[in-house]
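Okay, so here's the structure we're looking at.
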Amino acid sequence: MNNATTLYDKLWNSHVVDEQEDGTCLVYIDRHLVHEVTSPQAFDGLRNEGRNVRRPDLTLAVADHNVPTTDRDKQIDDEESRIQIEALERNCTDFGVELYSMKDIRQGICHVVGPEQGFTLPGTTLVCGDSHTATHGAFGSMSFGIGTSEVEHVLATQTLLLTKCRNMRVTVNGTLPNGITAKDLILAIIGKIGTAGGTGAAIEFTGDALKSLTMEGRMTVCNMTIEAGARVGLFAPDEKTFEYLKGRPKSPKGAAWEAAVEYWKTLKTDETAIFDEEIVMDVSEIKPQVTWGTSPEDVVAIDGCVPDPDRETDINRRNKMERSLEYMGLTAGMPMTDIKINTAFIGSCTNSRIEDIRAAASVIEGRKVAHGVQALVVPGSGLVKEIAEQEGLDQIFIEAGFEWREAGCSMCLAMNADKLGPGERAASTSNRNFEGRQGPGGRTHLVSPAMAAAAAVKGHLVDLNDLD
Amino acid sequence: MEKFNTLTSVAAPLPLINVDTDMIIPARFLKTIKRTGLGADLFSTLRFNQDGTEREEFVLNKPAFRNSEILIAGKNFGCGSSREHAPWALLDFGIKCVIAPSFADIFYNNSSKNGILLIKLPQEQIDKLTEDAELGANATMTINLEAQEITGPDGDIIKFEVDSFKKHCLMNGLDDIGLTMAKSDKIAAFEARQNIIVA
């Protein structure tokens, strides 16, 4: 009998508290990130039932979705946003949960903050009321997004009732060429398996091209696992993981660190383990990617054209394509590089880390934002912003005509004041191009940070190779 | 949570694939700190013009379907964000059951925790139910959770599968947290033996 297990199996098995007859398991949760949008109803639920937070020491809160990215010294203009942020502050005080407030330099997007603080660790289970929680899988942490009822369940019990995912592995072989980023890899993977391809699965990412990514690149890949339908995305922890975490404020120290690393080294898929589904790609197939439609699976290479729905044989898919093209204001056969933009957005939990900002800055340096284009950089955290400023990157952006903002989710989901107007079009480093995602009627093209920066300079989507 | 047993209603056909959570309830409506009141903005972009007037062609604006409690949709319904505001908005509008070929994982969990029944059926059966639903006000369907059956307007019966634990919770309106808190000894025992996390 084959007792070989996958990384996901190991993480799962080490956290099962109890198993019901029907296979549903009670699973222990080691880390819980809380933000202002999906938690107020959960805290109210606790209050109504007279319950406490079982392990406030395993819980960390930060406001990110709703915060203004402009001057933080002023009061928040939007009353509803202010109420939600104040509710988080009150809830954290009442229940004893650590909170990085808006004026704390550690404040930022929860999926940037967790790893940055060493709150995210290999071998843990980590949840948050946000679908992009898969980000933390880059560290070999079983991490996934949950709804508010589950947030309340974790707050009260430090566990969740779960059914196990199937095992899926995505291997991208080959040597990563210059000009292909983590964002291009994950967009190409989503294009291949589709937005529901990973439904019910935990995806392990491997292969030389993926393994060669930095920790920040791996976070970008895992972040968008949910756009392929999978709640969990994983990389096996390795020396890069340990190096990234060593010395972080919440990482283990001293002998505990040594013991942790020894354990973390065991967290990998056995050679003979069998996956329910395997996808193998070669990096040589992958060019810089851009989306044309209103689902992250709607991707083409930047040197490609808007696809033709008439060539689609599946009627449901054809209807969706026609609807997408109408919404996006595009015609079939149009070269992607002819698409003009109004806005360039560099930010979000997908691409707002220091390497993303450096990549965009290297394209911008010595150039100017095209006339009529609004371009903004929203760093993923106060600490990312501080590092960028120490490196002088803020000045490069400002001189080029970019706006340099405070940390938050910002235009990724347009809950705060940063949004597209009807019909406006963005080259965006975020993760979703859904209808209305960046503002009602707004049109989104998902790209890497360098591609967003290049589009800002040219005023249209552009192949980095054509940037003079 | 309300108990779910049987439901008889007109079913609204929404034959779109990949209906995402931003379509169900756009992010700008997530600023509430309550669970109720979101029905007014359900499917906001599909339901309303930019001036706030109703789009006549959208199914839930048609007189026959305004009070539908069942929705029949395309594959991968509920993809995208983990916002529970999506099922809250459906429920607040009055939708208690969604039938589709497939659902996104997080949406599936969120819905069952709010007493919404999600039924997965093969595309051919969805096509048949969509045709039935398009008949409008005189074509009610009945969903019997205990028997796991949908009875169409012509009396045809379609059987469906449902996770046994979710069925038990739906039929009894059970709160997961109460069930889990009864296992607090096991949780404490797990915490006592778990020494992997060395923070």
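Just B:SER68, B:SER111, B:SER44 to compare: in a GNM of chain B, with alpha carbon springs under 10 Å, which one fluctuates most?
Among B:SER68, B:SER111, B:SER44, the largest mean-square fluctuation in the Gaussian network model of chain B belongs to B:SER44.
Residue separation times 0.36 nm, minus the C-alpha to C-alpha distance between A:LEU464 and A:LYS192: what's the value?
Taking 0.36 nm per residue and subtracting the Cα distance, the gain is 95.6 nm.
Please average, across the residues of A:23-34, the number of beta carbons from any other chain that are within 10 Å of each residue's own beta carbon, and give a whole number.
That works out to 2 on average.
When ligands, DNA and RNA are left out and all protein chains stay put, how many square angstrom of accessible area per residue does region B:6-198 have with a 1.4 Å probe?
About 40 Å² of surface per residue is accessible.
Of all DSSP beta bridges in the protein assembly as shown, what percent run antiparallel (nearest 5)?
30
Mind running the shape call on region B:6-198? Use the C-alpha gyration tensor, a ≥ b ≥ c as the square roots of the eigenvalues: rounded below 1.5 for a/c, prolate if a/b tops b/c, oblate otherwise.
Oblate is the answer for region B:6-198, as a/c is 1.5 or above yet b/c matches or exceeds a/b.
Let me have the 222 nm mean residue ellipticity of the protein assembly as shown computed from DSSP H runs of 4+ only, each contributing -39500 (n - 2.57), with the sum over all residues rounded to the nearest 500.
Mean residue ellipticity at 222 nm (helix-derived): -9000 deg cm²/dmol.
Averaged per residue, what accessible area in Å² does region A:314-468 show with a 1.4 Å probe, protein chains only?
Value returned for region A:314-468: 33 Å² of accessible area per residue.
Rounded to the nearest 20 Debye, what is the dipole magnitude of the protein assembly as shown about its Cα centre when Lys and Arg each give +1 and Asp and Glu each give -1 at the C-beta? Provide the component values of the computation, followed by the final result.
On the way: 67 positive and 96 negative charges, 160 e Å.
Charge dipole of the protein assembly as shown: 760 debye, to the nearest 20.
Using protein chains only and a probe of 1.4 angstrom, how many square angstrom of A:GLU277 are accessible, to the nearest 10?
Around 60 Å² of this residue is reachable by solvent.
Using each residue's phi in region A:324-340, evaluate 6.51 cos²θ - 1.76 cosθ + 1.60 at θ = phi - 60° and report the 3J(HN,Hα) Karplus result to the nearest Hz, with x for Gly and Pro.
Result, ordered by residue: 4, 5, 5, 4, 7, x, 10, 10, 4, x, 5, x, 4, 6, 8, 7, 7 Hz.
Once you've got the GNM for chain B with C-alpha springs shorter than 10 Å, pick whichever of B:LYS183, B:LYS75, B:LYS159 has the biggest mean-square fluctuation.
Of B:LYS183, B:LYS75, B:LYS159, the most mobile in the Gaussian network model is B:LYS183.
Expressed as a whole percentage, what fraction of the accessible surface of chain A belongs to carbon and sulfur atoms when a 1.4 Å probe is rolled over the protein heavy atoms?
46
Using Cα centres only, tell me the gap between region A:159-207 and region B:94-109 in whole Å.
24
Given springs between every Cα pair under 10 Å in a Gaussian network model of chain B, which of B:ILE116, B:ILE106, B:ILE187 has the largest fluctuation?
For chain B, modelled as a Gaussian network with Cα springs under 10 Å, the answer is B:ILE187.
At 1.4 Å probe radius, can you tell me the per residue accessible area of region A:6-114 in Å²?
Normalised by residue count, the accessible surface of region A:6-114 is 37 Å².
Kindly work out what percent of the DSSP beta bridges joining two residues of region B:6-198 are antiparallel, to the nearest 5.
Taking every DSSP beta bridge within region B:6-198, about 50 percent pair in antiparallel fashion.
Between Rg and the Kirkwood Rh of region A:20-127, both from Cα atoms, what is the Rg to Rh ratio?
Ratio of gyration radius to Kirkwood radius for region A:20-127: 1.01.
Once ligands and nucleic acids are excluded and a 1.4 Å probe is used, how much of A:THR291 is accessible, expressed in Å² to the nearest 10?
A:THR291 has an accessible surface of roughly 0 Å² with all protein chains in place.
Amide H to amide H, which residues 5 or more places from A:GLU297 or on other chains are under 5 Å from it, using H placed in the peptide plane?
The list, which skips near neighbours in sequence, is A:THR195.
Please report, as a whole percent, how much of the solvent-accessible surface of region B:6-198 comes from carbon and sulfur atoms (probe radius 1.4 Å). Don't skip to the answer; put the middle values down first.
On the way: 3780 of 7670 Å².
So the carbon and sulfur contribution to the accessible surface is 49 percent.
Would you work out if region B:1-98 is rounded, prolate or oblate? Take a ≥ b ≥ c from the square roots of the eigenvalues of the alpha-carbon gyration tensor; rounded if a/c is under 1.5, else prolate when a/b is larger than b/c, oblate otherwise.
Because its axes are fairly even, with a/c under 1.5, region B:1-98 counts as rounded.
Given the whole protein assembly as supplied and a 1.4 Å probe, what does the accessible area of A:ASP310 come to in Å², nearest 10?
Looks like 120 Å² after rounding.
Just tell me the longest site-free run in chain B, where the sites are GluC sites (Glu not before Pro) in a DSSP loop having at most 13 other beta-carbon atoms within 10 Å.
Counting at most 13 other Cβ atoms within 10 Å as exposed, the longest clean stretch of chain B is B:58-145.
Classify the protein assembly as shown from the C-alpha gyration tensor, please: rounded if a/c falls under 1.5, else prolate or oblate depending on whether a/b exceeds b/c.
In terms of gyration-tensor shape, rounded.
Tell me, which residues of region A:182-198 get at least 10 Å² less accessible area when the other protein chains come in, versus the chain alone (1.4 Å probe)?
Relative to the lone chain, where solvent access is computed with a 1.4 Å probe, region A:182-198 loses at least 10 Å² at A:THR195, A:ALA196.
What are the ³J(HN,Hα) values, in whole Hz, obtained from phi via the Karplus relation 6.51 cos²θ - 1.76 cosθ + 1.60 with θ = phi - 60°, for each residue of region A:415-424 in sequence order, with x given for Gly and Pro?
8, 9, 6, 8, 8, 7, x, x, x, 6
So which residues of region A:256-278 lose at least 20 Å² of accessible area, probe 1.4 Å, when you go from the chain by itself to every protein chain present?
A:ALA256, A:TYR263
So how much accessible surface do B and A hide from each other in total, probe 1.4 Å, in square angstrom to the nearest 100?
5400
List the residues of region B:23-59 that lose 10 Å² or more of accessible area once all protein chains are present, compared with their chain alone (1.4 Å probe, heavy atoms only, no ligands or nucleic acids).
B:MET23, B:ALA27, B:ARG28, B:LEU30, B:LYS31, B:THR32, B:ILE33, B:ARG35, B:THR45, B:LEU46, B:GLN50
The values are calculated or read from the model by the stated rules, or taken from the named source; none is laboratory data. What you are looking at is a predicted structure, and each value in this text was computed from that prediction instead of being measured. As a convention, Cβ positions derive from the backbone with ideal geometry for all residues, glycine included, and neighbour counts pool all protein chains shown. Keep in mind that these areas ignore ligands, DNA and RNA; they rest on the heavy atoms of the full protein, side chains included. Shrake-Rupley method; radii C 1.70, N 1.55, O 1.52, S 1.80 Å.
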